[in-house]
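Trainee: My questions will all concern the structure given below.
The values are calculated or read from the model by the stated rules, or taken from the named source; none is laboratory data. Computed from a prediction, not measured in an experiment: that's the story for all the values here. Quick reminder, even Gly has a Cβ in these numbers, built from the backbone with ideal geometry, and neighbours come from all protein chains shown.
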Amino acid sequence: MSIPIPSKKIFMTIVGTFAFSASLFIQNVESNAAAKKISTEVVQVKSNKKVYSSDQAKSIKSSSAKSYFGNKELFTKKEVTVKKQGQLKKFKLIESKDKTKKGWMYSGDIISIHQNNAAPATVKSAPNLDLRIDDDLGETTDNTDGNVNSMTDAQVVSSVRSQFVDFVKSSRAQTKNGTWLRSSGLDKVAQERADYVNPALGYLSHYITANGKRHKQLAAILDGQSMGIVGNQNDIYESNGYANLDNRISNVSKYVSYFKEMITNDGDSDYGHRDQLLGNEGDGLRHYGVGIRVIRMNRSVQINIVILSADSKY
């Protein structure tokens, strides 16, 4: 029997060179940074969202983005960061391939499909690592910071994981929500998810299993059940995301800096990721699992991350 997952528990972050997901709408912009060009990004728009004539949120007369752009193929080449009440928000300039339509949209109202500097000519997943996982031992510290092109997938996974976990643990130390404890079961389920999940699908990614089917139940719970790790419990939280960086700047710490925004810059997501990682939900969500996948492409390297949290120890 499928158990409905409260929407409050399901959060999605897309982090990287090109996009950061969001769900809020910009109004009363205080200041505006100069627009910067970004590599051409193929996108889809969320049909019920607004299109603006500028990054100052001046509306174009249209009932929705879908009605404005129709079925045209869409790209974005510019983004701008604006500051509203001390928080940075992002807009992107969307243009149709035939150049007949263009307008600014809030980044959280856009779904990234593909970046032209990340053509999937060669896709290589991180290998299954034979790691000793024990709550009592905690994490093996590996804070190596180097260019991922000079590292093996196993080294990248170990370093990204170690740096990110250290950051979350140090952030949780400022709360009263207890120590973050590594769960061997959640680790296995998180890695299962990381090996196939597509963070660019946004909210839907949380409900799509490896066979491409969409479910009402959280995919992490379904995977955990099929692996014999999770029962019918309904206390698993998931955050997932990606960072895709050009080979020239693809240092481990750069990727981790994007993943850190799940805590440091999570206002656009109503602090859902932050509350999960810091344990502000449930009874502290002290048990965690992390899955990481390395995808090597022609001119860039993408790293996907999945974090599962629960009050129960799996």
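Trainee: Output the residues belonging to segment 229-252 that are loosely packed, with under 15 Cβ neighbours inside 10 Å, farther than 27 Å from residue 185 by Cα and either in contact with an Asp or Glu (Cβ under 6 Å, 6 or more places away or on another chain) or in contact (Cβ under 8 Å) with a residue 60 or more places away in the chain (or both).
Mentor: 246
Trainee: Answer yes or no as to whether residue 189 is under 26 Å from residue 228 (Cβ atoms), surrounded by 13 or more Cβ atoms within 10 Å (Cβ to Cβ) and not polar (S, T, N, Q).
Mentor: For residue 189, the condition - under 26 Å from residue 228 (Cβ atoms), surrounded by 13 or more Cβ atoms within 10 Å (Cβ to Cβ) and not polar (S, T, N, Q) - is met.
Trainee: Looking at (1) crowded, with 20+ Cβ neighbours inside 10 Å; (2) small (Gly, Ala, Ser); (3) at pLDDT below 95, can you tell me which one residue 178 breaks?
Mentor: Looking at each condition in turn, residue 178 falls short on (1).
Trainee: Also, I was wondering about something else. Across segment 187-211, what is the number of residues that are closer than 19 Å to residue 288 by Cα and small (Gly, Ala, Ser)?
Mentor: Number of matching residues: 2.
Trainee: Output the residues belonging to segment 191-228 that are touching a Ser or Thr at 6+ places or on another chain (Cβ under 9 Å), assigned to a loop (DSSP other than H, G, I, E, B) and in contact (Cβ under 8 Å) with a residue 60 or more places away in the chain.
Mentor: Residues satisfying the conditions are 195, 197, 215, 216, 217.
Trainee: Mind listing whichever residues of segment 264-278 are modelled with pLDDT under 95 and buried (at least 19 other Cβ atoms within 10 Å of the Cβ)?
Mentor: 266, 268, 269, 272, 273, 274, 275, 276
Trainee: Which residues, taken from segment 229-253, are of a type in the set (A, V, I, L, M) and outside any strand (DSSP E or B)?
Mentor: Answer for segment 229-253, where residues must be of a type in the set (A, V, I, L, M) and outside any strand (DSSP E or B): 229, 230, 236, 249, 252.
Trainee: Okay, next question. Residue 261 versus (1) in contact with a helix residue (DSSP H, G or I) (Cβ under 7 Å, 6 or more places away or on another chain); (2) closer than 21 Å to residue 171 by Cβ: which is the lone unmet condition?
Mentor: (1)
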